[in-house]
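The values are calculated or read from the model by the stated rules, or taken from the named source; none is laboratory data. All values reported here derive from a predicted model rather than from experimental measurement. Cβ: placed from backbone, ideal geometry, glycine included. Neighbour counts: every protein chain shown.
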């Protein structure tokens, strides 16, 4: 058979596309079976990393990740801890060990020639990578351990692993391959198909339907440079965690969540005893501002009881850290609109009318009141603002490019004078009061808008002693925090080979991974954490509360208010002052002297997820806190 030149070319293009999709993917490791355990030779360990020779001596070790060129530069273990045998309730975890060689942040003064920075305090040039971090230090001391708790409630810790402070940076590879003559393989395959070459249509479709390659690279700002990080999906029903009795266990609250986390730590420290004796810290953000102090309180109680019984503490708890933390409903809820007005986002006459109608109490407005209606107008204007980081654009679920966003703006009509704002339906206005505006308000009854199946689930949960809560992450939010682009995570974490590598249950067992769970009915029970912070520091725990100053969900102004005006944290070490990084102001801070000490810090230019928007500054905060140094 004579092969046509164009058919040869098309086949070559397909091969090139296939090879390109594997660029950066994990290379095959030399592996063999020994005593029933897969052993992988770490021949591809990344330069500058001190490693044991083999990976895979234990079944829970992660020896490769799809998209990573070589083996991981940090030891990782993953799997499930059973927190209820009766329900088969399983919490998924990933333990990322502190890196073998220290890449700790080195302080760089204004005249330090080894680093340079811009006005935002971001390291630039060589200092952004190796020069600022890759200065090996001896690692003789025991690595501190941090348990990370993502908020929501019901959001996955893998979101933080991928987008905030995990060991890797994630990105998409180029979507097309280049042919030998410099053309676009996919476009040229389509051209061949247009000529009617037999089989070209099928091959062209294959080119178009291939998954885009996700590439993993070392994260220079990973928190594993400072500590061993435990990522856990909590409660069951969030992320990769699940229950064999979802109709009961997916109705939960703060109390059940904390109880399961204590059981989880019991199982994890039994599996990895070194985690129990190392200096242990709790950390989280957003609704993690509820989880972290509640868990700290419970761990202190558990440790006291264990000591009384002659047992070692469950963990060696030293302190806790929370970022942009949900703490006080009244202060946090009211701070949102005060922040918006102070930023110049609210029409002054409208602001005066709203303040008068609401008497400055915005957070608990009642439907069909003057206060509710006045807020609706303002929140409608602010709906397309990224509340989680007002400096960033608002990513929409269907926005694949700027043209789509521009098209949507162009289609908006019914302007009231400024252009670009359309008149929205009443059902859309309801969303402005749903999340994050007043998630605690109006728990629906099963007889209301819930389906018959949901009503039955409420009944069964109540019969099992669990109170039905509210479905916080439903169709309105589409499982993703508003305005956040989570396409890479949604793609990568729902691939079968990734699930296998992460020791997570397959799609057939737990379904698709979502950033935030829509199967949970969560009752928000804790409305004021301020007294708990006062108690924890006086019981000997060090505390760090930090806030990105461009977050409008839990504004730093509200956090500052409860820290200074409501909490009894003792005297300060001085006025609120700038803290510096690389010769630039990175934020403002003050330390309160009650108990073991309480530090408040803002991060200039950061949003709700500080490690995502300002990773260098977040790592510096963490390092100084863990090492108990001044900021």
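Quick rundown of the values:
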{"read-out": "Boolean, residue 280 is crowded, with 24+ Cβ neighbours inside 10 Å and touching a helix residue (DSSP H, G or I) at 6+ places or on another chain (Cβ under 7 Å)", "value": "no"}
{"read-out": "All positions within the range 365-395 that are part of a loop (DSSP other than H, G, I, E, B) and exposed (fewer than 15 other Cβ atoms within 10 Å of the Cβ)", "value": "366, 367, 368, 369, 391, 393"}
{"read-out": "All positions within the range 574-595 that are part of a loop (DSSP other than H, G, I, E, B) and under 28 Å from the mean Cα position of the chain (by Cα)", "value": "582"}
{"read-out": "Unmet criterion (only one of (1) over 30 Å from residue 378 (Cβ atoms); (2) buried (at least 17 other Cβ atoms within 10 Å of the Cβ); (3) modelled with pLDDT under 95) for residue 329", "value": "(1)"}
{"read-out": "The lone exception for residue 573 - which of (1) more than 23 Å from residue 258 (Cβ to Cβ); (2) modelled with pLDDT of 95 or more it fails", "value": "(2)"}
{"read-out": "Filtered residues of the range 561-573 (kept if closer than 29 Å to residue 255 by Cβ and either part of a loop (DSSP other than H, G, I, E, B) or under 23 Å from the mean Cα position of the chain (by Cα) (or both))", "value": "567, 568, 569"}
{"read-out": "Cβ-Cβ under 8 Å pairs, at least 6 apart or on other chains, the range 285-312 side without any contact (Cβ under 8 Å) to a residue 24 or more places away in the chain, far side surrounded by fewer than 12 Cβ atoms within 10 Å (Cβ to Cβ) and assigned to a helix (DSSP H, G or I)", "value": "none"}
{"read-out": "Residues that are surrounded by 23 or more Cβ atoms within 10 Å (Cβ to Cβ) and part of a helix (DSSP H, G or I), drawn from the range 225-255", "value": "225, 249"}
{"read-out": "Residue selected from the range 507-521 under the condition in contact with a helix residue (DSSP H, G or I) (Cβ under 9 Å, 6 or more places away or on another chain) and over 11 Å from residue 237 (Cα atoms), by the criterion surrounded by the most Cβ atoms within 10 Å (Cβ to Cβ)", "value": "515"}
{"read-out": "Filter pass, residue 504 being part of a loop (DSSP other than H, G, I, E, B), crowded, with 19+ Cβ neighbours inside 10 Å and at pLDDT 55 or above", "value": "yes"}
{"read-out": "Condition check for residue 552: buried (at least 20 other Cβ atoms within 10 Å of the Cβ) and in contact with a helix residue (DSSP H, G or I) (Cβ under 6 Å, 6 or more places away or on another chain)", "value": "yes"}
{"read-out": "In the range 478-498, the residues that are crowded, with 19+ Cβ neighbours inside 10 Å and either modelled with pLDDT of 95 or more or touching a strand residue (DSSP E or B) at 6+ places or on another chain (Cβ under 9 Å) (or both)", "value": "479, 480, 481, 489, 492, 493"}
{"read-out": "Residue match in the range 279-286 (condition: out of contact with any strand residue (DSSP E or B) (no Cβ under 8 Å at 6 or more places or on another chain) and in the same structural domain as residue 303 (by TED's automatic domain parsing))", "value": "no"}
{"read-out": "Condition check for residue 119: touching a strand residue (DSSP E or B) at 6+ places or on another chain (Cβ under 8 Å), part of a loop (DSSP other than H, G, I, E, B) and modelled with pLDDT of 50 or more", "value": "no"}
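Condition check ((1) closer than 25 Å to residue 491 by Cβ; (2) at pLDDT below 50; (3) out of contact with any strand residue (DSSP E or B) (no Cβ under 6 Å at 6 or more places or on another chain)) across all residues:
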| position | (1), (2), (3) |
| --- | --- |
| 183 | no, yes, yes |
| 196 | no, no, yes |
| 200 | no, yes, yes |
| 211 | yes, no, yes |
| 220 | yes, no, yes |
| 223 | yes, no, no |
| 229 | yes, no, no |
| 236 | yes, no, no |
| 243 | no, no, no |
